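K.L.:
Please see the structure below; I have some questions.
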Amino acid sequence: MKGTIVSFDVSKGSCHYQGFIDQDTSFTKPRILKFTKSSFKELEDYVSKLKAKANDDNVSYVFEATGVYHEVLKKYLDDNDLEYYIISPLLSAKYRQTELHSNKTDPLDCTNIAKVFYGSKSERLNKYKSPISKYEKLQRLNRYYEDVLIHLRKYKVTLRSYLDIAMPDYDTCFPKEDIYNPLSIEILKKYPHPDLIIKTKEESMIKYLKSKTKHNRGFIIKHVSKIREWANEVYSGCDKDSVIVDKIKSLIIHIEEIDNEANEILENIINEAKDESLYVQLLSIPGIGENIAARLVAEIGNISRFDSVNKFTSYAGIDPMIRQSGKYDGIHLSISKKGNKYLRCLLYLAVGCNLRLKRNDHIYNFYQRKRQQSVPLKPKVAKIAACRKLLTIIYGMSKTGELYIYN
């Protein structure tokens with residue numbers, strides 16, 4: 001790559017920046033850019049002087065992807081319609097390791113990032129194109145949804161551990177050990193200890209649960225009888241006035257609130273994704289319902305930005321690592337996992353749902369072939385291979401505009 005650039009080493013709340021006229025000529029020593037309006041004005045003055053010195057009106061901006069820290073700089077560049085490149089930290093680290101002394105400091109990183117730019121071939125670094133606002137909104141909603149699910153799982157794990165102390169084997173009182181059904185939830189909120197169940201009259205429990213759930217009286221009587229029988233036999237690991245019992249009530253309320261929030265976010269994602277043609281195409285694939293289809297649209301974004309299936313695969317991190325040396329061919333190595341982990345997880349989930357249906361379709365048959373070949377792949381490895389197959393199918397469908405067809 002050639003041209004006049006300003007390289008940035010972004011950190012929390014600020015960054016170092018340095019101008020380069022060419023690969024061997026820096027404009028000044030690194031300077032500090034704070035994320036303030038006055039500091040960005042200083043950057044504008046700096047770039048004006050750099051353009052005059054280099055006699056070049058086309059200045060590009062180069063920086064590493066740094067989680068969320070680079071978002072302010074990116075927003076400034078987008079607002080001012082400036083050309084910029086976002087490079088992978090892995091690529092930057094690779095160049096840094098070629099140095100005799102691979103020290104990492106903020107000022108030195110500006111030079112290192114410049115070396116990545118100038119040392120890269122044009123096909124390895126592309127001008128960054130901000131995603132269409134709708135796709136960006138969808139992706140942010142999905143990432144927030146994922147964060148909410150993480151908190152929900154943590155609360156559920158904690159609740160399980162408390163129930164194992166206060167109410168051992170409580171889940172056996174319900175079909176499929178589902179403690180999150182409406183009847184179970186109301187029991188836990190009102191009677192989070194066996195002694196509380198025993199000391200409450202059966203008819204009082206029935207009336208309370210009838211007022212709180214939509215179940216008919218016969219259904220409630222049947223389960224109340226089973227729960228009271230369990231309560232009379234079980235030996236609790238704590239007293240009814242224990243802090244654990246109190247926290248069970250709090251956890252149930254938290255879980256309900258977070259679960260409701262998650263459902264609202266998911267409904268929002270689905271409503272936003274419904275207008276996309278890719279969403280309709282994804283629904284035609286066995287195992288992919290509204291949930292997965294909408295979230296796949298959110299993470300894939302504008303699929304037309306990928307000019308080949310290989311780039312699409314690399315974006316998901318399902319491309320195989322390549323390590324060849326001498327007679328060693330590097331076949332069947334692990335995937336790179338250097339792409340979008342959210343997309344990768346959704347693909348794996350979609351493949352799992354597809355396989356459970358056991359339909360005679362391309363994905364299921366591909367998985368079976370990998371499991372039954374002369375050197376069979378392990379189930380998880382075969383699933384990963386099926387993920388790449390699914391990704392190829394999605395890319396092909398997006399190009400042709402057709403729905404998924406299977407026998």
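K.L.:
Under the classification rounded if a/c is under 1.5, otherwise prolate if a/b is larger than b/c and oblate if not, where does region 239-313 fall, given a ≥ b ≥ c as square roots of the Cα gyration tensor eigenvalues?
P.N.:
Prolate, since a/c reaches 1.5 and a/b exceeds b/c.
K.L.:
Once you have the Cα-Cα distance between Ser133 and Glu257, take 0.36 nm times their residue separation minus that, and quote the gain in nm to one decimal. Before the final figure, lay out each step's value.
P.N.:
Working: separation 124, 0.36 × 124 = 44.64 nm, distance 2.90 nm.
Roughly 41.7 nm would be gained on extension.
K.L.:
Within the chain, which is the longest segment containing none of the trypsin sites (Lys or Arg not before Pro) that sit in a DSSP loop and have at most 12 other Cβ atoms within 10 Å? Walk me through the numbers before you get to the answer.
P.N.:
Details: sites that count: Lys2, Lys12, Lys104, Lys121, Arg124, Lys127, Lys129, Lys199, Lys201, Lys214, Arg323, Lys327, Lys337, Lys358.
My reading of the result: 215-322 is the longest stretch.
K.L.:
What full-extension length gain, to one decimal in nm, is calculated for Arg369 and Ile32 as 0.36 nm per residue of separation minus the Cα-Cα distance? Present the calculation step by step, with values, prior to reporting the outcome.
P.N.:
Details: separation 337, 0.36 × 337 = 121.32 nm, distance 5.70 nm.
Going from the current span to full extension adds 115.6 nm.
K.L.:
Summing +1 for each Lys or Arg and -1 for each Asp or Glu, what net charge is found among the other residues whose Cβ lies under 9 Å from the Cβ of Tyr406?
P.N.:
Summing Lys/Arg as +1 and Asp/Glu as -1 gives 0.
K.L.:
Need one number: % antiparallel among DSSP beta bridges in the chain, to the nearest 5.
P.N.:
In the chain, approximately 60 percent of DSSP beta bridges are antiparallel ones.
K.L.:
Let me ask something additional. Take the Cβ-Cβ distance between Lys41 and Ser161 as r, set R0 to 56 Å, and report the resulting FRET efficiency rounded to the nearest 0.05. Don't skip to the answer; put the middle values down first.
P.N.:
Working: r = 55 Å, r/R0 = 0.97.
E between Lys41 and Ser161, to the nearest 0.05, is 0.55.
K.L.:
Which of rounded, prolate, oblate describes region 334-380, given a ≥ b ≥ c as roots of the alpha-carbon gyration tensor eigenvalues and a/c under 1.5 marking rounded, otherwise prolate only if a/b is larger than b/c?
P.N.:
In terms of gyration-tensor shape, oblate.
K.L.:
Related question: Computed on alpha carbon atoms, what radius of gyration and Dmax characterise the chain, expressed in Å?
P.N.:
Here Rg and the maximum Cα pair distance are 28.4, 89 Å.
K.L.:
Modelling each spin label as a point 7 Å along the Cα-to-Cβ direction, I'd like the Lys176/Lys212 distance in nm, to one decimal.
P.N.:
Simple spin-label model gives 2.2 nm for this pair.
K.L.:
Continuing with this model, one more query. Let me know the charge dipole size of region 135-186 about its Cα centre in debye, to the nearest 20, where only the beta-carbon of Lys, Arg (+1) and Asp, Glu (-1) is charged.
P.N.:
360
K.L.:
While we're here: Computed over the Cα atoms of region 130-256, what is the ratio Rg over Rh, Rh following Kirkwood?
P.N.:
Values: Rg = 18.1 Å, Rh = 16.1 Å.
Ratio of gyration radius to Kirkwood radius: 1.12.
K.L.:
Still on this structure: Would you work out which of Cys387, Asn112, Gly218 lies farthest towards the positive end of the dipole of the chain? Charges go on Cβ: Lys and Arg +1, Asp and Glu -1.
P.N.:
Going by the charge dipole, the pick is Cys387.
K.L.:
Right, another one. What full-extension length gain, to one decimal in nm, is calculated for Asn360 and Lys311 as 0.36 nm per residue of separation minus the Cα-Cα distance?
P.N.:
Numbers: separation 49, 0.36 × 49 = 17.64 nm, distance 2.88 nm.
That works out to 14.8 nm of additional length.
K.L.:
Do any of Lys115/Lys341; Lys53/Lys127; Lys154/Lys341; Lys29/Lys338 go past 22 Å between their Cα atoms, and which?
P.N.:
Lys115/Lys341; Lys53/Lys127; Lys29/Lys338, as the Cα separations exceed 22 Å there.
K.L.:
For the charge dipole of the chain, defined by +1 on Lys and Arg C-beta atoms and -1 on Asp and Glu C-beta atoms about the Cα centroid, which residue among Leu377, Phe40, Ile269 has the Cα displaced farthest towards the positive pole?
P.N.:
So the residue furthest toward the plus end is Leu377.
K.L.:
Another question about this same structure. Work out the length of the dipole vector of the chain about its Cα centre, built from +1 on the beta-carbon of each Lys and Arg and -1 on the beta-carbon of each Asp and Glu, and round it to the nearest 20 debye.
P.N.:
Details: 66 positive and 51 negative charges, 234 e Å.
Approximately 1120 debye in magnitude.
K.L.:
Please compute the contact order of the chain in relative form: average sequence separation of alpha-carbon pairs under 8 Å and at least six residues apart, divided by the residue count, as a percent. Kindly include the intermediate steps, with their values, before the conclusion.
P.N.:
Details: 496 pairs, mean separation 49.6, N = 407.
12 percent.
K.L.:
Got a number for the accessible area of Val309? Probe 1.4 Å, square angstrom, nearest 10.
P.N.:
Approximately 40 Å² of Val309 is accessible to the 1.4 Å probe.
K.L.:
Among all the lysines, which ones have a C-alpha under 20 Å from Lys222's C-alpha, if same-chain residues fewer than 8 places away are not counted?
P.N.:
Lys176, Lys189, Lys190, Lys199, Lys201, Lys207, Lys210, Lys212, Lys214
K.L.:
Mind running the shape call on region 169-220? Use the C-alpha gyration tensor, a ≥ b ≥ c as the square roots of the eigenvalues: rounded below 1.5 for a/c, prolate if a/b tops b/c, oblate otherwise. The partial results should precede the final answer.
P.N.:
On the way: a/c = 1.73, a/b = 1.07, b/c = 1.61.
Oblate, since a/c reaches 1.5 and b/c is not below a/b.
K.L.:
Further question on the same structure: Can you pull the one-decimal nm distance between simple spin-label points at Tyr406 and Val72, each 7 Å off the Cα toward Cβ?
P.N.:
It is 4.9 nm.
The values are calculated or read from the model by the stated rules, or taken from the named source; none is laboratory data. Note that the structure is a prediction, hence the values are computed from the model and not measured. Ideal geometry is used to build each Cβ from the backbone, glycine not excepted, and the neighbour counts take in all protein chains shown. Ligands, DNA and RNA are stripped out before the accessible areas are found, and what is left, the full protein with its side chains, is counted by its heavy atoms. Shrake-Rupley method; radii C 1.70, N 1.55, O 1.52, S 1.80 Å.
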